Every structure is written in C-alpha cells, then in structure tokens.
Amino acid sequence: MRNSKKVLLPTSYSLLTKLKVGDFIKISGKIFAARDQTLKRIFASGRKFPKLKILYFCGPLERQGRIVSAGPTTTSRMEWAFEELIKMGTKFFIGKGGISPEAAKTIRGRAVYLEAPGGCGALLASKIKRSRIVAFPELQAQALVEMEVEDFPVVVAVVKEVACGNESENKKIEGHALGRKNFSPCL
Amino acid sequence: MKLSEKMKLSEKIVEVNSFLPADVKFFLRKAAANESSEKGRKFMGFIFENIKMAEKKKVPLCQDTGIVSFYGPPKYNEGFLKKETYLAYKKLRQSQVKSPFTKRPDGRNLPAIHCRRRRSLGFIVRGGGSQNCSALKMLNPAATQEEVLRFISGFVIEKAPFCCPPVFVAVAVGGTPSTVVALAEELLLKDLRKKPTDMESKVLKKINGSGIGPGGWGGKNTALCVKIKEFPCHIATLPVGIVISCWCLRKGIYNG
C-alpha cells in the first residue's frame, strides 16, 4: 500500500517516534493484547509486566485454539489506564477510535497512539503469526495475550511532540475535531 | 452469498457474522466509490479486504460478535432462542458477563434478548462499541422537529468516532422510554435501501458534514444511512431512541 512504511519492532522504536500523524505503517513484532478487565487485573496483581511496551486493545476471538478474528476495541474506554500504563513502561497503544484531548495530552511526548482499522477482525487476525495466553486465562476474551504480528496495518494518531504532521491540513480537521471533546485530536 | 432458508437459526447467527447482507454491502460500496478523502478511502479499502477475508475463510468479520437481539412473534419461545444462541456462540466470541459488578464471564452468551412485535423472526448482532453509542433521551414535547433532528445529528456526531464509522443510524421518536430504543434497533432489520425521507436526508447530510469519515480517519462518509420513524406518544413526553451500528451491520431474518 502507498505510503506504508514497514516497522520492525522492537528494533525500530526510534523510527516510530519520528513518524507523523496520519502516516500509515505496517508493524511486525511482539505485541500484547489487553483490555478493560485485563488492565484492572494487571494493576491489582501488583505483578510487574515489564514487556508490555506495545499494548493492543483487543479481545480476540478463538476457534480451536487459533485466533480467527482480532480487531481493535474502543480506545477511549481505556483512557483511565493510560497514565499508569505509561509509568509501567508502555510506549505504544494500538486501538480504534478517538480519544479525549486530555488523554492525548497524557500520551503526547511519552507514548504513541496507533489506530488499527476498526471492525476488520478477520483481516487483522491474518497478520497474527503466533499467539499465546500470558496471564488471566479465566477472563477468556479479556486474557492477556502475546501476539507475534507481521505487517499489521496501523495509522499514527498521536505521536511524540508533533501534534499534527501537516499543519494546514490538520488545522482544518482539528478545528472541528477539538471543538468536540470526544474526537481524536488530529485525525 | 445468499443465506439459506433451511439453515438452523444457530447456523444463521454464525453465518451473518461472516457474510454481510446485500443492503449493507450496497451502502459500503457506494461510500467507497464516492469518498474523497485519501485516508477515508484507505479505511474503505481495509473494510473490503476484511469482507473478502471473512467470506473466504468463513471467520467472523469482527472479533466482537456481540450480543444478539431478536425481534419476532411469540411462537419463537425463549427456550428455543436460548438454545440456538447457546449453540451459535460456541463458535463465536463469548462477550457477556454474568453480572456487571463481578464481571465474571457468562460462558454461554445467555440470556438471548428477545423483544416481540414482528411477524417474522429477525435478529441483529451488535458489538459493545456500537451498543455504547446508544441514546434514550426524553425531550421536551415543546421541541420542534428541527430541534429533534438537531439532537439526533449532534448525538451521532459526538459518538461516531467511537463506533467504527461509517455507521448506520436508526432513530425512533415517540412511544415510551421503555420501548423506544428497541423500536429504533428494529428499524435496522428492514432493507435499508428504501428511499430516504426528507428528514432522514437532512440528518444524514448534517452528520456527513462533520468530516469524521470512515474509521474517523476523515472524509465525507460518517454515516451511510439514517432511518427515522415516528410513533404515537403521551402528550407530555417526547422520547427519542437512537441506535448506531458500526459499518459491520450483522442481521438476519429467520423463516424456519
């Protein structure tokens, strides 16, 4: 696809922070799927999960032990956990949908928010090469899952320092976006 | 692919999770063809890649196979619907908890939610993202039609970035607070290609003027279709029920 840079994780972390809002990229590497209750349990357990550098907000669907559908879930529902996750070492959030300006402020300069195409579970599952449950299997769809992805398509939504890539274009969009509290600030 | 008439209800529920109905595809194709924003077009491209993949592999389009709501006559009793739902969700994601307080998974995706009031049995599968973007609003009956429409478009514009746009919008105005949201959801069961009313076109235009676009990535296709239906109501009330479905509207009619 046009403009789609390939990013290999974790070796290209630095490249990722140089990207501009609106850039399409394809990431490859290990990511962790977690969501509402997973995060609650992670915080409550007091355990250290040092490897949660890339968090994918997702509750995958399995058939016969294989993930067959795994699209992103609504990121704004996880905003409450951003601060703590960043303190724990999360550098990248992958999800779908807008986030509040406050949440964008929490992220900016400390982490990157990437949006995956919402509702495209079948397509995104095909980019997962391997997966395993790391913790909380009793939560079923909300278990903590490690996924090895290849060419997983995302668009950069909130990035380090740079609020918007193309100032004039984004100002136009931002004009209507930031006026409403719930819109993702730059896309 | 046409859904077989002889299929069991449980099979049909599984099936609609992989194959979108013709009217939904019609609107998606239209949006893909007329979308002017580059990012919006890209999102539409992902949608069609996903549809192709789901059909080919017979896997659910979206991992959130949601909760199924039935609309139909009493002859399809609670026991039947529960059994079929249970069987269907063995192949779909368990997305239900026993209690909103304990959050323990239910493991069966039951009970099936059943609202009577139709001649044939129809069902809609909606995920959490879409369910979260619903509204029940008791407006002042002094509100003009203009004001009601403004409330509708305002609400959809506020919520659309979270429920996988381009979205389908169904609105019931009237009835009672306990029924109006179900009345709205049921509107989605119809073939949505019917010519829109002036009211519907106006709201659609307003929503699409927001620029949110496919996936919230910018563009003119924020909503694909708006359905508004009036129902009689009490002189002192003006209930409005709004239901938003993501682009991946999964629904079916069962004649068995």
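Each value in this text was obtained by applying a stated rule to the coordinates, not by laboratory testing. The model shown is predicted, which means the values in this text are computed figures rather than measured ones. Please note: Cβ atoms are built from the backbone with ideal geometry, for glycine as well, and neighbour counts cover all protein chains shown.
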| task | Within segment B:220-250, find all residues whose amide N lies under 20 Å from a label point positioned 7 Å from the Cα of B:Asp191 along Cα-to-beta-carbon. | result | B:224-229, B:249-250
| query | For the charge dipole of segment B:9-254, defined by +1 on Lys and Arg C-beta atoms and -1 on Asp and Glu C-beta atoms about the Cα centroid, which residue among B:Pro239, B:Leu20, B:Ile207 has the Cα displaced farthest towards the positive pole? | reply | B:Leu20
| With N residues in segment A:1-109, what two-decimal value do you get for its Cα radius of gyration over 2.2 N^0.38 Å? | 1.11
| Expressed as a whole number of Å, what is the distance separating the alpha-carbon centroids of segment B:147-219 and segment B:62-78? | 22 Å
| Partners for A:Lys51 among aspartates and glutamates (Cα-Cα distance below 15 Å; same-chain residues under 8 apart left out) | A:Glu84, A:Glu146, A:Glu148
| request: Go ahead and run the numbers for FRET between B:Ser99 and B:Glu230, Cβ-Cβ distance against an R0 of 35 Å, rounding to 0.05. | output: 0.40
| query | Give or take rounding to whole Å, what are the principal axis extents of the alpha carbon atoms in segment B:9-254, in descending order? | reply | 48, 45, 37
| message | Greater than 22 Å separation of Cα atoms is the criterion. Which listed pairs, A:Lys96/B:Lys202; A:Lys40/A:Lys96; B:Lys58/B:Lys194, meet it? | response | A:Lys96/B:Lys202; B:Lys58/B:Lys194
| query | What does the helix-only formula give at 222 nm for the protein assembly as shown: each DSSP H stretch with n ≥ 4 adding -39500 (n - 2.57), the total divided by the residues, and the result rounded to the nearest 500 deg cm²/dmol? | reply | -9000 deg cm²/dmol
| With no solvent and one point on each alpha carbon, what is the Debye value of log10 I(q)/I(0) for the protein assembly as shown at q = 0.06, 0.07, 0.10 Å⁻¹? | -0.24, -0.33, -0.68
| query | Among B:73-79, B:12-18, B:87-93, how do they line up from the highest to the lowest mean number of other beta-carbon atoms within 10 Å? | reply | B:12-18, B:87-93, B:73-79
| query | Where the only charges are on Cβ atoms (+1 Lys, Arg; -1 Asp, Glu), what is the dipole of segment B:9-254 about its Cα centre, to the nearest 20 debye? | reply | 680 debye
| query | What FRET efficiency do you get for A:Glu84 and B:Glu49 if R0 is 45 Å and r is their Cβ-Cβ distance, rounded to the nearest 0.05? | reply | 0.80
| So, by mean Cβ neighbours within 10 angstrom, what's the order for A:114-122, B:25-33 with the highest one leading? | A:114-122, B:25-33
| note | Yeah, segment B:169-256 with a ≥ b ≥ c from its alpha-carbon gyration tensor (a/c under 1.5 is rounded, else prolate when a/b outruns b/c, oblate otherwise) is oblate
| message | Pick from B:Ser99, B:Ser245, B:Ser130 the residue whose mean-square fluctuation is largest in a GNM of chain B, springs joining Cα atoms under 10 Å. | response | B:Ser99
| note | DSSP beta bridges in the protein assembly as shown: the antiparallel percent, rounded to 5, is 60 percent
| message | Could you compute the net charge surrounding B:Val171? Neighbours are other residues with a C-beta less than 10 Å from the C-beta of B:Val171; K and R count +1, D and E count -1. | response | 0
| query | How do A:Ser4, B:Ser178, B:Ser210 rank when sorted from fewest to most other Cβ atoms within 10 Å of their own Cβ? | reply | B:Ser178, A:Ser4, B:Ser210
| field | Fewest-first sequence of B:Trp217, B:Trp247, A:Trp80 by Cβ atoms within 10 Å of each Cβ | value | A:Trp80, B:Trp217, B:Trp247
